[in-house]
Amino acid sequence: QVQLAESGGGSVQTGESLRLSCVASGASGDTFRTYDMAWFRQAPGKEREFVAASKRIGGSVYTTHYLDSVKGRFSISRYNAENTLELEMNSLEPEDTAVYFCAKKGPIGDYYSTMAYDSWGQGTQVTVSS
């Protein structure tokens, strides 16, 4: 079972930046590089929503997907040798306030659906003040 641990959250003001990290443990050998990974977020009283994904399309080639509202501001990256996934968040807005979760995708399902992921971190809080 792959375990995920997020870090890097905090409290910032509008327009500032944060970088979130997710470290995976329990994966054997070079298996992390084969995983489709994603970031989701959940604000109080709201459903968990897709933010960004890193999807393997062959070999060491990956493609990325983003929620429209974060496109151009957020950037997802991965460092396979370190079993690490990152989310760089720039030009943060109060609407970005949420608990951010790292997740590993299972064998079936859409990349933007929470139901498609079989491993989750415990989340890290991001608070953006106006």
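Among the GluC sites (Glu not before Pro) within the range 32-111, those in coil by DSSP and having at most 11 neighbouring Cβ atoms inside 10 Å are GLU47. Largest GNM mean-square fluctuation among TYR79, TYR112, TYR100, using the chain with Cα springs under 10 Å: TYR79.
Taking only protein heavy atoms and a 1.4 Å probe, the accessible area of the range 21-98 is 47% carbon and sulfur.
Label separation (TYR79 vs MET115): 3.6 nm, computed from points 7 Å beyond Cα along the C-beta direction. Each of THR31 and ALA5 was given a label point 7 Å from its Cα along the Cα-to-Cβ line. The distance between the two points is 1.9 nm. Among GLY72, GLY59, GLY106, the largest mean-square fluctuation in a Gaussian network model of the chain (Cα springs under 10 Å) belongs to GLY59. For the chain, the alpha carbon convex hull comes to 98 Å³ per residue, rounded to a whole number. Once the 1.4 Å probe is applied to the protein heavy atoms, the chain comes out at 52 Å² accessible per residue.
The values are calculated or read from the model by the stated rules, or taken from the named source; none is laboratory data. Model, not experiment: these values are computed from the prediction. Note that we place each Cβ from the backbone using ideal geometry, even for glycine, and neighbour counts take in every protein chain shown. Please note that ligands, DNA and RNA were not included when accessible areas were found on the heavy atoms of the full protein model with its side chains. Shrake-Rupley method; radii C 1.70, N 1.55, O 1.52, S 1.80 Å.
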